[in-house]
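Shown next, in structure tokens, is the structure this report addresses.
Quick note: the coordinates plus some simple rules give every number you see, no bench work behind them. Small disclaimer: the values here were computed from a predicted structure and weren't measured. Methodologically, a virtual Cβ is constructed for each residue, glycine included, from the backbone with ideal geometry; neighbour enumeration extends over all protein chains shown.
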Amino acid sequence: MGLFVSETRFDSGSRWLLGHAVGVFAFLYLPIAVLILYSFNGEGVGGFPPHHLTLNWYRTLFADGPIWDSVLNSLQVALAAMVIALTFGVPAALALERAQFPGKALFRRLVLLPLILPGIITGLSLLMLFNVTGTKLSLMTIMLGHGTALIAVATTEVFAGLQKLDRAQEEASLDLGANYWQTFWRITVPNLKLPIIGAALLIFTLSMDEIAVSFFLIGRDNTLPLEIWGRLRRGITPEINAVSTIIFVFSLVAIVFWYRLRVRGESAAEGETK
Amino acid sequence: MFSRAYKAAVTLPPLVWVTVFLLIPYLLMFCYSFWSVSASQTIVHSWNLANYGQLLRVDVYWQTLLRSMWIAARVTIFSLVLGYPLAYFLSFYAGKKKDLLYQLVIIPLWVSYLVRAYAWKTILGSDGVLNTLLQYVHLTKHPLEFLLYSPFAVVLTLTHIYTPFAFLPIYAALEHIPRNLVEASHDLGATPGQTFWKVILPLSIPGVVAGATFAFVLSLGDFLAPLLLGGPSGIMISNIVVSLFGAAYNWPLGAAISFCMLLLVVTLLVFSERLEKKWGFS
């Protein structure tokens, strides 16, 4: 419960805060509401009030080959990014937590940098690498770009999980004769299940949405955000609203799934300690 | 308890990957910034400072950089003004609804950045939702043209996008404040206002610094919102870089600008980490 609530529930300060919160939520959700509403608008993307509510834009969307091709491309990229980011991000978290080596501070900074660096810098620096090495731009270069940039997500999530981890289990496993490889797969990874799944979901959605890095590494095949970007420049129809609405619904499902998983994980953890 | 082999096995693969795909590309960007483009449109690997000289000499580059920093500064201030009281409300007043409201702040982050910028475009355009609404209720006769293709539109959209980013670290900082400190302040006779200014605000400064850094750095480097909503007066520094790597074909000059941005970002990060440490618990 709020600390001040019992005595000052209706003071002007908390009423002001409540009003402010309602305002911020309205600001955050207004564009999303407009986006969804106008995906059903027969008259186009603007114009108040909405006219001729229709499902036509969804029909157009389902018959739109290039969009679905780009969705498939994005799914491939997101899966590959997830694999790359976890393959290198999980060991990176272990290294940061357990090993001492020269250049560790620089390593930490490098791994985490893409998280806060504007995508244009990550994208362009990789573009120069691919240019110098004569690598042709394709979905592959986008996968490498997303995978590399999102290692930071895997590392931060898993590092936080490691700090809560009880090392006694790993120690016991090693003492009882399991080797490091067995201990890693049978003890460390299962104990980090939640942070790893959380990181995987996060990496997947971030990659599906990513545009700044992809913008520079794109070959012939578009990802979904780049396909949308191309259409925005040619003139806009509610078909864009329709595809965005569908993706939003999928994201919501993913959030709810992740949230329930976490709540269950936490209550299981509490059960164990009792 | 972990052997050398274990440590090497977890350290080497990410170390090699990060070196190849992050460190070398940044160094390459640094190298490019000293090269130049010949008349026949090929990159000449001769080392000189001409690109950096041009950044200082040609007005449009540093003026655009200053304008971008001004746009980013406004986005940062608005994000904090929106994000801080929201985080404070959730942390101290929301009671049992706290978790739900927290999720509600996060959810917009799952809607693609591009899609949200596009949604603002459909709202702010001259035949967009807002202008037609204003005319529908007879508040205006003609569409308000300043809404779209202006720095205003860019600041509004980026504020929308980065408010949750500013909110998150502030909320985390507020949640970490030991509640007995707040109770002690209360018991010793401080009003809620005094408790806020003397106890809560100082302890939440690290979160504010982290949130401000996020909002400032990410909006500083943005190029899609200005392209989509900015118009000629809303051009930002990254747009110049994009054109130098595209139609204008001058990678070395573009690399010089990018490298300056990289330096600026890293400097800000180091600076904000120091601030966070100075104000954090320890």
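Results, tabulated for the structure shown:
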quantity	calculated
Sequence of B:29, B:236 once ranked by neighbouring C-beta atoms within 10 Å, starting from the fewest	B:29, B:236
Karplus 3J(HN,Hα) series, Hz, for the stretch A:67-83 with 6.51 cos²θ - 1.76 cosθ + 1.60 (x for Gly, Pro)	4, 5, 4, 5, 4, 4, 4, 4, 4, 4, 4, 5, 5, 5, 4, 4, 5
Three-way shape call for the protein assembly as shown based on the alpha-carbon gyration tensor, with the a/c threshold at 1.5	rounded
Neighbouring partner chain Cβ atoms per residue of B:88-100, average, 10 Å criterion	4
Cα gyration tensor category, rounded, prolate or oblate, for the stretch B:52-279 with a/c compared to 1.5	oblate
C-alpha center-to-center spacing [the stretch B:187-255, the stretch A:118-197] in angstrom	28 Å
Positive-pole candidate from B:226, B:94, B:58, dipole of the stretch B:52-279, charges at beta carbon	B:94
Cα-projected label distance for residue A:140 with residue A:254, points at 7 Å along beta-carbon direction, nm	2.6 nm
Long-range amide H partners of residue B:37 with built H, under 5 Å	B:44
Cut-off 12 Å between beta-carbons: net charge of the residues surrounding residue B:169, Lys and Arg +1, Asp and Glu -1	-2
Shielding by partners, peptide A:237-245 (average Cβ within 10 angstrom, other chains)	2
Residues A:246, B:237, B:200, sorted so that the one with the fewest Cβ neighbours within 10 Å comes first	A:246, B:200, B:237
Ordering of B:190-199, B:149-158, A:140-149 by packing [mean C-beta count within 10 Å, highest first]	A:140-149, B:149-158, B:190-199
For chain A: relative contact order, % (alpha-carbon pairs under 8 angstrom, 6 or more apart)	29 percent
Three-way shape label, the stretch A:64-273, alpha-carbon gyration tensor, a/c 1.5	oblate
Dipole of the protein assembly as shown, positive end: most advanced residue of A:18, A:107, B:258 [Cβ charges, Cα centre]	A:107
Distance (nanometres) between label positions extended 7 Å along Cα→Cβ at residue A:62 and residue B:59	5.8 nm
Shielding by partners, peptide B:127-134 (average Cβ within 10 angstrom, other chains)	5
Magnitude of the charge dipole, the stretch B:52-279, Cβ model with Lys/Arg +1 and Asp/Glu -1, debye to 20	120 debye
Relative contact order for chain B, counting Cα pairs under 8 Å that sit 6 or more residues apart, in percent	27 percent
